[in-house]
Amino acid sequence: MFQVPSLSDLNVAAALPAVVLALGACVFLVVDLFVPRERKHITAWLTAGGLSVSLVLALLSLTDVVTFGDGEEAFFGMYIADQFTDMVNVIVLVTSLLGVMVAYNYLDRTNMQRGEYYYLLLFTTAGVMFMGAAGDLVVVFVALELLSIPLYILTGFRRPQEQSEESAMKYFLLGAFSSAFLVYGLALVYGATGTSNLREIWQAVDSMVAGDTSAQFLLLTGAGLSLVGLGFKVAAVPFHMWTPDVYQGAPTSVVAYMSVAAKVGGFAALLRVLVAGMPNFMLDNGTSAAWMDVTWLLAAATMIVGNFIAIVQSDLKRLLAYSSIAHAGYILIGVAAAGVPRVADEATQAVLIYLMAYAFTNVGAFSVIIAVERDDASNTGLSSMRGLARTQPLLAAAMAVFMLSLTGIPLTAGFVGKWFVFKAAIAADLIPVAVIGVLTSVLSAYYYLRIVWMMYFEDGDGEAATPRPLAWAIGISAIGTLVFGFLPYLLSDMAREITLAFGG
Amino acid sequence: MVTAIMSGYALSLAAPAVHRVVRRWSGWIIALLPAGLFAYFLSLVGRVAGGEVIVASYEWFPSLGYNLTFYFDGLSLLFALIVTGIGTLVIVYAGSYLAGDPWLGRFYAIVLIFMASMLGVVIADNLIALFVFWELTSISSYLLIGYKFDKAASRAAALQALLVTGGGGLALLAGLLLLGLISGSWEISALFGEAEAIQAHHLYLPALLLILAGAFTKSAQFPFHFWLPGAMEAPAPVSAYLHSATMVKAGVFLLARLSPALGGTDEWTALVTSAGAVTMFLGGFLAWKQTDLKRILAYSTVSTLGTLVLLLGIGSSIAVKGAAVLLLAHAMYKGSLFLMAGGLDHETGTRDITAMGGLARSMPVSMLAASLAALSMAGLPPLVGFISKEVLYEATLEDAVWPALITAVAVAGNVFVVAAAGLVAIKPFWGEWVETPKHPHEGPVGLWLGPVLLAGLGLFVGLAPGVVSHDLIAPAASAVLQKETTVKLALWHGINPMLVLSVITVGLGVAAYVWRERLGNRLNILDPGSRFGPARIYQEAVDGLPRFATAVTSVLQSGYLRLYLTTIVVVTVGLVGFTLASRVDAGGMWRTPDVRIYEILVAGMILAGALGVTLMRSRMASVAALGTVGYGIALLYVLFSAPDLAMTQFAIETLTVLLFVFVIYRLPKYATLTSRRDRVRDAVVALLAGAMMTTLVLIVTAEPLRSRLTPYFAENSLPLGKGRNIVNVILVDFRAFDTLGEITVLSVAAIGVYALMKLRLGQAGDEES
């Protein structure tokens, strides 16, 4: 009755894109030891190559050209290889590729060119991929740590600069703290349902005796504490406080990457745990999941606080930190909307579309900051944007595109994301939240358009340098933002068949 | 159809280059495009007047069923002709008006973007496409108002216009979304047939309110009217084109377009009619109070927009026809007056009507155009304005709800408009000669061609209304009413109530003009808005926003890690505590405690230790107190007959204390950094968190453990693992791989720590030497 599982039972092939990347990271770690310091471009190229291979595999799987493995489950239900996983993989791999491109010169000129950077980035990416594919609470937690710990290190990568170290310390302490909440929450969920497998949790919730208030309470508290833990990762108010400090202190190339990757991971985990695991968890014969109310409250608070505080920021990195908080709020609307079973699929797709759009736009915006930042990490104030349109017309145009997209102006990817999320919210009868979303978007125009204004209508030096791979990254981001804005069906087609529901 | 729009965008890209090549004649050359488009739309008149609707569709979003569709009917035709016709004249005009300006190329580009977007608004059939074009008009308006970007007033006005119309635009988006969800269709043409279903839906009112918010902000309806006069910072051709003839009418267009689907209900009538009536009156009154030429025109435009909205609110057949006529008439006379005002400003260097006089001699052509246009604005025969006013009164008299009140408001509004027309056309040109900053003479042909053409057209249409009634007005009205309509317009209908009202209006208007000075201050009471109005609210909001944001920041973003932690803990305690309070029956948790005296002793020891950790003044003492807590827990294990666990706990506790001592040996002494109040607050937070955790533990333990693992291991440890101690068997047998992994990880970590320490020691050595 107790047998050692054979390799073929594991269905490893189904997890091919993630496995390739994780193994690649381990191999590069060793290879890098033999790469001399002044030739780290080899590591960078290897990393980019590994990411590209994984990306191609993920794309093939997403478009159903190739089906890896045998069925959707691998590692005995621990890993789920469905369309959702594929799309999360594509988003995070694109982000990582851009992340490598923007990092290369930046590391060089700030004297941080070390091989660790690249494989820490790969480990984080692998963490996000496993998080998106999590079929078990244990995987959620392990993947979260795999995602987080390299990020703590990357945040402090600019040692011995104090700001960088301080932000790493803050991030680590608060991160560990919130991980504790998550573990406790997951444990309570386990206690209430007697299993850590998401599919079995779903079944257990379904058959949960209606009168069993004690189990319901455990599950409710468990979901709540998980929401706190993951809310920290995605920077939802009131668990957002680390964001501006960390974004400002960390090396900008790290921020460009983590501002998207950590969000993708956090939201993927939220969706897996809440939408896949307990969509049917309703109290008092309600029509929506029990966790929906808290989620939309968080969404509303996040949008309001993020946008309001962003208005008074005078540092670009801090401003974008608050903007990323605000965007977490918009995405949370989608998560909340998924609490209504009939909207669940639509809302899940909306979240993914938003993340895809956000990936291009936000990495792009941070890349522009990298271009204007000086070697000593100065010149990231708002004033550095003055007159950029005259000295660097293309760079300024790209930045304008990113800002318009972040505001959510039509014909940019940002609009498409907001459109789908708000649509899902309205379909889920969350109209007040959608209205808050629209109003705060108006508010956000205040600070995004101010940047455009400064670039085009104010005088200044507008100094910036765009060496080769960075320029590619900015170009790709801008083109992505515009293409998805003009041809939104590319995004919606990609996400069309995604569902998180177990049992068809 | 789509080519017409795209050509505008395409030329806008090329416009700066074109301008650089042909400098002097750029206006004339660039105007060829709108002129060509005008001719193209003119060629469609026959088909549209015959009742045909031209439809074009392109795939855009096929998987979701969204298509880029265009729908060209009588209403679109009327607007398209105005947009391209005035566009032509304005571009020619701008070539002279802004000659020599370094940014003229950019100006052409934005105007062309605007023109294309506006065409998009009037011929889009898809709700989302409509919204996209709508926002593009707002953005191009923003750029054009801020054209003189070195002037602070210009920038502030541009921002104000953008915030108001952009904000309204987003409300519109939400409204259109609701509308699409209600009807399940994104094509406007498909909405027409579903009016009943839409109006019966419970989301009808929110959708209507949001859409009206969009339309009212764009068309400067009360209480959003304040941005339009501010927008007069823009150069004259922009004012004439965007803020009089076309963009501000987009809101009116939207109301007209959607009225078959949304209109006719009580809510629609009440909201639209009242907003229109208030705006009409207020706009007229404020126009009459101004002395700046362009502000007079701006407020009178507000008044006209109010009239249009009022007519659409009434929604009867005659009202809709009236709206169509007024739309056309207004585009002619107001466009002409704005361009003329720009010409006066250009030639004299001022726009203040009290600083001008007797210009008729030096600028006879402008005088002629201004007089014709002003007569039309005042509604005197034989101009087109007269006809439109007759139809207006006919419509208000037939209003189903309050004909008397609406008619009275309409007359009052028009009285002021008549007076305002006098201010614009009589004050500057007649009377005594007043010295102006520049010496005035007639400007170049580009400057007077537009006003003269438009004013002349007004006269021509007034004399021969048959030209437009069948081909333009009737199709537009049919499109709004969604049924075949015929329109007969004429100057003379015999003596009827409308004519009497017209005479009264003109009479009172003349009086208002003559006694303006004396009446002005007494009537201030009619406009309480100047002190407490929406403009003030806007200003407060714009100023208050950064203040508020700063305040929020200082509370929420102190930079102190401890405060961040406090926030997270408090929120968590709040959330969980709330659920606890609302969902859990506290009675079930309390089981009769069955405690022995030494349990209480041990618990007391643990508590004292915990308290000690927080209160001790020295690190060593704190660590020792912490150790007490750990040993207390070990004792508890002993008491509950788990000696193996107790042993582990003892070992770990000892090791931890030793480690702590080892580490803190080098740290500085404690210092008190927080105030007493902070510490009390922290203590409260800590107690709350502790209480929450305790309660959670109690609840969890109240739940019977449903593990499938314990019985499995109990049954199988002897037969499969050959051992009686289940824990041991699990560690070395069932989960041997895990144990192996743990050992490996620990060893690697130990090596890492050793390496770090060695590195550190080495560095210390270097520093010393």
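Can you tell me which residue within region B:104-155, out of those that are charged (D, E, K, R) and touching a residue at least 60 places away in the same chain (Cβ under 8 Å), is farthest from B:M232 (Cα to Cα)?
B:D125
Which numbered condition trips up B:A479, out of (1) part of a helix (DSSP H, G or I); (2) touching a residue at least 40 places away in the same chain (Cβ under 8 Å); (3) under 26 Å from B:K289 (Cβ atoms)?
Going through the list (1) part of a helix (DSSP H, G or I); (2) touching a residue at least 40 places away in the same chain (Cβ under 8 Å); (3) under 26 Å from B:K289 (Cβ atoms), B:A479 breaks only (3).
Please work out which residue is nearest to the other protein chains (Cβ to nearest Cβ), limiting yourself to region A:389-414 and to residues that are open to solvent by less than 20 Å² (accessible area, probe 1.4 Å) and under 29 Å from A:A344 (Cα atoms).
A:P410
Of the residues B:A245, B:A220, B:A234, which single one is surrounded by 24 or more Cβ atoms within 10 Å (Cβ to Cβ) and either at pLDDT 85 or above or assigned by TED's automatic domain parsing to the domain that holds B:S336 (or both)?
Exactly one of B:A245, B:A220, B:A234 is surrounded by 24 or more Cβ atoms within 10 Å (Cβ to Cβ) and either at pLDDT 85 or above or assigned by TED's automatic domain parsing to the domain that holds B:S336 (or both), namely B:A220.
Here are B:P711, B:P704, B:P719: which of them is modelled with pLDDT under 75 and exposed (fewer than 10 other Cβ atoms within 10 Å of the Cβ)?
B:P704
Quickly run through region A:341-376 and pick out the residues that are over 14 Å from the mean Cα position of the chain (by Cα) and open to solvent by 10 Å² or more (accessible area, probe 1.4 Å).
Those that are over 14 Å from the mean Cα position of the chain (by Cα) and open to solvent by 10 Å² or more (accessible area, probe 1.4 Å): A:P341, A:R342, A:A344, A:D345, A:E346, A:Q349, A:R374, A:D375, A:D376.
Testing A:D315 on (1) over 16 Å from A:A338 (Cα atoms); (2) out of contact with any helix residue (DSSP H, G or I) (no Cβ under 6 Å at 6 or more places or on another chain); (3) within 11 Å of another protein chain (Cβ to nearest Cβ), one condition comes back false. Which one is that?
With respect to (1) over 16 Å from A:A338 (Cα atoms); (2) out of contact with any helix residue (DSSP H, G or I) (no Cβ under 6 Å at 6 or more places or on another chain); (3) within 11 Å of another protein chain (Cβ to nearest Cβ), A:D315 is out only on (3).
Working carefully through the options A:Y448, A:Y456, find the one that is surrounded by fewer than 24 Cβ atoms within 10 Å (Cβ to Cβ) and under 30 Å from A:V102 (Cα atoms).
A:Y456
One line per residue, one yes/no per condition, for (1) away from chain B (no Cβ under 14 Å); (2) among the small types (G, A, S):
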| position | (1), (2) |
| --- | --- |
| A:Y448 | no, no |
| A:P467 | yes, no |
| A:A471 | yes, yes |
| A:I479 | yes, no |
| A:P488 | no, no |
| A:I498 | no, no |
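Quick one: would you say A:S288 is in a loop (DSSP other than H, G, I, E, B) and either at pLDDT 90 or above or polar (S, T, N, Q) (or both)? Step through it out loud before you land on a result.
Values: in a loop (DSSP other than H, G, I, E, B): yes; either at pLDDT 90 or above or polar (S, T, N, Q) (or both): yes.
Considered against the rule, which asks whether it is in a loop (DSSP other than H, G, I, E, B) and either at pLDDT 90 or above or polar (S, T, N, Q) (or both), A:S288 comes out as yes.
Looking at (1) modelled with pLDDT under 90; (2) closer than 30 Å to B:F70 by Cβ, which one does B:L297 not meet, given that it meets all the others?
With (1) modelled with pLDDT under 90; (2) closer than 30 Å to B:F70 by Cβ applied to B:L297, the lone miss is (2).
Matching residues to (1) open to solvent by less than 10 Å² (accessible area, probe 1.4 Å); (2) touching an Asp or Glu at 6+ places or on another chain (Cβ under 8 Å); (3) assigned to a helix (DSSP H, G or I):
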residue	(1), (2), (3)
B:M340	yes, no, yes
B:T350	no, no, no
B:V365	no, yes, yes
B:L368	no, no, yes
B:P381	no, no, no
B:A412	no, no, yes
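If you check A:V421 against the conditions, is it open to solvent by less than 10 Å² (accessible area, probe 1.4 Å), in contact (Cβ under 8 Å) with a residue 24 or more places away in the chain, within 11 Å of chain B (Cβ to nearest Cβ) and of a type outside the set (K, R)?
For A:V421, the condition - open to solvent by less than 10 Å² (accessible area, probe 1.4 Å), in contact (Cβ under 8 Å) with a residue 24 or more places away in the chain, within 11 Å of chain B (Cβ to nearest Cβ) and of a type outside the set (K, R) - is not met.
So, in region B:141-155, exactly how many residues are over 15 Å from the mean Cα position of the chain (by Cα), modelled with pLDDT of 80 or more and more than 11 Å from every other protein chain (Cβ to nearest Cβ)?
2
Consider only pairs whose beta carbons are under 6 Å apart and that are at least six residues apart or on different chains; among these, list those whose first residue lies in region B:631-649 and is without any contact (Cβ under 8 Å) to a residue 12 or more places away in the chain and whose second residue is part of a helix (DSSP H, G or I) and open to solvent by 70 Å² or more (accessible area, probe 1.4 Å).
Going by the 6 Å Cβ cut-off, the qualifying pairs are B:L645/B:Y637.
Of the residues B:A161, B:A116, B:A129, B:A215, only one is more than 10 Å from chain A (Cβ to nearest Cβ) and under 27 Å from B:Y40 (Cα atoms); which?
On the way: B:A161 fails: under 27 Å from B:Y40 (Cα atoms); B:A129 fails: more than 10 Å from chain A (Cβ to nearest Cβ); B:A215 fails: under 27 Å from B:Y40 (Cα atoms).
One residue alone meets the criteria, B:A116.
Could you please find all residues in region A:109-156 being in a loop (DSSP other than H, G, I, E, B) and open to solvent by 10 Å² or more (accessible area, probe 1.4 Å)? Let's see the steps before the verdict.
At the first step, the residues of region A:109-156 found to be in a loop (DSSP other than H, G, I, E, B) are A:110-114, A:133, A:135, A:156.
Answer for region A:109-156, where residues must be in a loop (DSSP other than H, G, I, E, B) and open to solvent by 10 Å² or more (accessible area, probe 1.4 Å): A:T110, A:N111, A:Q113, A:R114, A:G156.
Grab the helices (runs of 4 or more DSSP H) fully contained in region A:164-265, keeping just those with 3 or more residues being more than 25 Å from the chain's Cα centre (by Cα).
Filter on region A:164-265 gives A:198-206, A:213-234.
Scanning for something within 11 Å of chain A (Cβ to nearest Cβ), under 27 Å from B:S336 (Cβ atoms) and in a helix (DSSP H, G or I), does region B:64-81 turn up at least one residue?
Within region B:64-81 (the criterion being within 11 Å of chain A (Cβ to nearest Cβ), under 27 Å from B:S336 (Cβ atoms) and in a helix (DSSP H, G or I)), the answer is no, since none of the residues qualifies.
Could you list all residues from region B:185-197 that are under 14 Å from B:Q482 (Cβ atoms) and either open to solvent by less than 20 Å² (accessible area, probe 1.4 Å) or of a type outside the set (D, E) (or both)?
B:I188, B:S189, B:A190, B:L191, B:F192, B:G193, B:A195
What helices (runs of 4 or more DSSP H) completely inside region B:135-248 contain at least 2 residues that are among the β-branched types (V, I, T)?
B:152-183, B:204-218
Answer yes or no: is there a residue in region B:565-587 that is modelled with pLDDT of 75 or more and part of a loop (DSSP other than H, G, I, E, B).
Checking region B:565-587: not a single residue is modelled with pLDDT of 75 or more and part of a loop (DSSP other than H, G, I, E, B).
Would it be correct to say that A:I331 is more than 14 Å from chain B (Cβ to nearest Cβ) and crowded, with 24+ Cβ neighbours inside 10 Å?
For A:I331, the condition - more than 14 Å from chain B (Cβ to nearest Cβ) and crowded, with 24+ Cβ neighbours inside 10 Å - is met.
Given B:L696, B:L626, which one is on the phi < 0 side of the Ramachandran plot and within 55 Å of the chain's Cα centre (by Cα)?
The match here is B:L696.
Determine whether region A:320-327 contains at least one residue that is at pLDDT 95 or above and either within 20 Å of A:I498 (Cβ to Cβ) or in a loop (DSSP other than H, G, I, E, B) (or both).
Scanning region A:320-327, I find no residue that is at pLDDT 95 or above and either within 20 Å of A:I498 (Cβ to Cβ) or in a loop (DSSP other than H, G, I, E, B) (or both), so the answer is no.
The values are calculated or read from the model by the stated rules, or taken from the named source; none is laboratory data. Since we're looking at a predicted model, the values are computed, not measured. Every residue, glycine among them, receives a Cβ derived from its backbone with ideal geometry; neighbour counts consider all protein chains shown. Note: accessible area is taken over every heavy atom of the protein model, side chains too, but ligands, DNA and RNA are not part of it. Shrake-Rupley method; radii C 1.70, N 1.55, O 1.52, S 1.80 Å.
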